[in-house]
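Quick note: the coordinates plus some simple rules give every number you see, no bench work behind them. No experiment lies behind these values; they were computed from the predicted model shown. Methodologically, a virtual Cβ is constructed for each residue, glycine included, from the backbone with ideal geometry; neighbour enumeration extends over all protein chains shown.
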Amino acid sequence: MPLFSGSVPPLLDKRLLFVTGKGGVGKSTVATALGLVAARRGLRTIVAELASQERIQGLFSENGEGERFREMELKPGLFTISIDPQQAMEEYLRVKAGTLGQALGASRLFQAFAMATPGMRELLSIGKVWELAQLHRRTRGGAPYDLVIVDAPATGHGVGLLRTPRTFADIARVGPIAHQGRTIADTIADPEFTGVVAVATPEEMPINETMALADELARDKLPLDLVVVNGLYPPRFAFDEIAELNDALTKTRSALARSALRAALSEHARAGTQREQRDRLRERVDGRLVELPYVFADHVGLAQLDVLAGVLEEASL
Amino acid sequence: MNVAEMLDGKRVCVCAGSGGVGKTTTSAAIALGMAATGAKVAVVTIDPANRLANALGVEQLENEPRRVEPARLETGTLEVKGELWAMMLDPKRTFDELIDRIAPDPGRAQEIKENRVYRELSTAVSGSQELTAIAKLYELDQEHRFDLLVLDTPPSRNALDFLDAPGRLNAFLEGRALKAFMRPTGLGIRALGRGALPLLGGLRRITGIDLITDLAVFFQLLGDMTSDFSQRAAQVERLLRAPTTAFLLVTSAAREPIDEAIWFGQRLEADGLPFAGVVVNRVHHDLLGDREPREVRRALARVLPPGLAVRVAENFRDYHVLARRDDHNLGRLAGQLDERRLLLVPQLDDDVHDVEGLLRIHRYLFGSQAERERLIDDLVA
């Protein structure tokens, strides 16, 4: 099934991907798994976390504690960074305004002003993301990336984030912020350059939110390139086997067998609900949907991420 | 302890937790359970699942609590002696109402609401949901119409946002740092000393004149109202710290939400905020105990055809991985706080989105210690 049509390039041919979704649906997991797929294809890729969540470095905890807010190589070709608005501001000022900028960046009063200005943290964060995606990096010694994947904040804030540059450009009208805001906003609106991936678990609320996100993005003329439904239970039992399980439940005298049978029936019920929810979303997004299986593990580590990346790879993004 | 005991003598219950852990559902179940005990309860929520909103009859955006029709709560299993009210928070409208309330006259309120900085501030900005949720909570508390208010905190990735975001926005509204910039000839800038003027020039060069002008206009409009914001912030702070307020953490048993619950608990303690307990949703209880997985297969083989028995056993093995994970995480959580303040709700067969569903959770939240232990024993046996 072709995922894309027309002139929109395949997902991983873009340079900037925003991965968003409701809290707790596995955005970091999906962002990192996408990063693994890209790196396997030989793309120099970076996964950028916003607002110092520091989850991705945790996913790779085998590599030990990394330095915060620095580009860090997780695997050959796959980097990660945790973006801190304050640090992004200092960097921006240094590049844009030289010594004066440095003085401003060092001023606590200025910092307090900038950090308290509504939307400024978001603008600075997204500005840094934009910088990472440039072929000519501003950061001294920064090599260009083929792909930047952003592990964006929860849905509501996520759309706000994508809108921030345009809003700032509108508010500031003229001057450097307006110019910068417009440049970034144009980049985000360019489907050749930027893609949006929504992650949802197959439950009512995340699915509702994803559908609302699709509407909102459409209103802002931004594309929703792909939806990842994360955490689907495997279809273990056929419909006519359920009667057999119920029957066995009445027959067995073993408490352990009863527990196992109840667990099976319970998972079957959940799996059914999950598929109903997935189908609701699939209809809304015209099949631009990829499924990831539930990970039965202590936590999602490198081994599990490799498996998920394999599933994404097969979906030929 | 059950929820009724945790909330005994409380007037406000703040349900906090990271995203995707069932916070909205838990808030509704708590409100329903407390209403059943005879209290007049209002639950304030943002964006519940459509079906839950329908079930409670709060799909209309009125930004005021509405009584859930008693007929909707009649299920035959739980008698609701009190009243359940519910509202869906509209952050933009709450912000507008706040401006209406503290503006010196309607004309000024109108000007502020039309200001572009304000429009941005009251909608897009992170923190506005949190700030308005607290503002609404405070307002409802002042009206003394309810015995108990249950606040479902806005969805965010990080539970701590709820404590931090309003402060950031408030700091801006109070304009502590800004006032100095906004009055270039005023005392503020002189007090800053010689460094201030080039700083101001630099700020203009970096941000653009118009942004500064817009902000200046915004703060001129706010004028003395900034002190009202400070005053309100202080009152809200007092409300959150009051002995009649309870913070209830909601989490699932997975690793990250438990980590956040632990941090949040520590933060509440450090900040001197009243902590009531933790509700852990979607717990996978250990069904195997000290028996061998082999025994599962043997027992199943007696009642199922071989192929099916293998798949049931595989499902059980996968379930057990989650049970071990949950057990480990619950152990970490219990190590950090009073174990009696931990309420466990098992993984249910279906999402909860109606009154019947809320009642299924009710037993795990409001049952006595013995009743709750029996429920879990039944699961395991």
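Neighbour counts of other C-beta atoms within 10 Å: give me A:T45, B:T75 arranged from fewest to most. Don't skip to the answer; put the middle values down first.
Values: A:T45 26, B:T75 13.
With the fewest neighbours first, A:T45, B:T75 line up as B:T75, A:T45.
Please give the Cα centre distance for segment A:245-284 versus segment A:8-41, rounded to the nearest Å. Distance between centres, Cα-based: 32 Å. Fewest neighbouring Cβ atoms within 10 Å first, the residues B:I46, A:I184 line up as B:I46, A:I184.
If you take the alpha carbon atoms of segment A:165-317 and fit the smallest convex hull around them, that volume is 158 Å³ per residue.
On the beta carbon distance between A:A243 and B:R291, with R0 = 30 Å, the FRET formula returns roughly 0.65.
Peptides A:284-296, B:102-114, A:199-211, A:225-237 ordered by packing proxy, namely the average of other Cβ atoms within 10 Å per residue, highest first: A:199-211, A:225-237, A:284-296, B:102-114.
Residue exposure proxy: B:W85, B:W263, ordered by other Cβ atoms within 10 angstrom of their Cβ from fewest to most, comes out as B:W263, B:W85. Counting 0.36 nm for each residue step from B:H328 to B:E269 and taking away their Cα separation leaves a gain of 18.9 nm. By DSSP, the beta bridges lying fully in segment B:18-152 are antiparallel in about 15 percent of cases. Computed about the Cα centre, the dipole magnitude for segment B:1-158 is approximately 260 debye when only Lys and Arg (+1) and Asp and Glu (-1) carry charge, each at its Cβ.
Averaged over B:305-313, how many beta carbons belonging to a partner chain fall within 10 Å of each residue's beta carbon? Provide the component values of the computation, followed by the final result.
Working: counts 3, 0, 1, 8, 3, 0, 7, 13, 3.
The per-residue average across the peptide is 4.
Each peptide in B:141-147, A:255-261 gets a packing score, the mean of other Cβ atoms within 10 Å over its residues, and the list from highest to lowest is A:255-261, B:141-147.
Principal axis analysis of the Cα atoms in segment A:130-208 yields extents of 44, 33, 21 Å, listed in decreasing size.
Here the translational diffusion coefficient of segment B:3-83 follows from Stokes-Einstein with Rh set to the Kirkwood radius across Cα pairs; for 4 °C and 1.567 mPa s it amounts to 96 µm²/s. Principal axis extents of the Cα atoms in segment B:1-150, from largest to smallest and rounded to whole angstrom, are 53, 31, 30.
Want the number for B:A370 to B:A301: 0.36 nm per residue separation, take away the alpha-carbon distance, what's left?
On the way: separation 69, 0.36 × 69 = 24.84 nm, distance 3.51 nm.
So the extension gain works out to 21.3 nm.
Could you sort the peptides A:85-91, B:330-336 by per-residue average Cβ neighbour count (10 Å cutoff), highest mean leading? Mind dumping the intermediate values first?
On the way: A:85-91: 19.6, B:330-336: 14.7.
So the peptides A:85-91, B:330-336, ranked by packing, come out A:85-91, B:330-336.
Compute and list, largest first, the equivalent-ellipsoid semi-axes of segment A:261-311 from the alpha carbon gyration tensor, each √(5λ) rounded to a whole angstrom.
Here the semi-axes work out to 22, 21, 6 Å.
Look at the stretch A:244-254: the mean tally of other chain Cβ atoms within 10 Å of its residues' Cβ atoms is 4.
In nm², what is the average projected area of the convex hull enclosing the Cα atoms of segment B:250-381? Don't skip to the answer; put the middle values down first.
Values: hull surface 39.0 nm².
For the Cα atoms of segment B:250-381, the hull's average projected area reads 9.7 nm².
Per-residue mean of foreign Cβ neighbours for A:18-28 is 4 (Cβ atoms of other chains, 10 Å radius).
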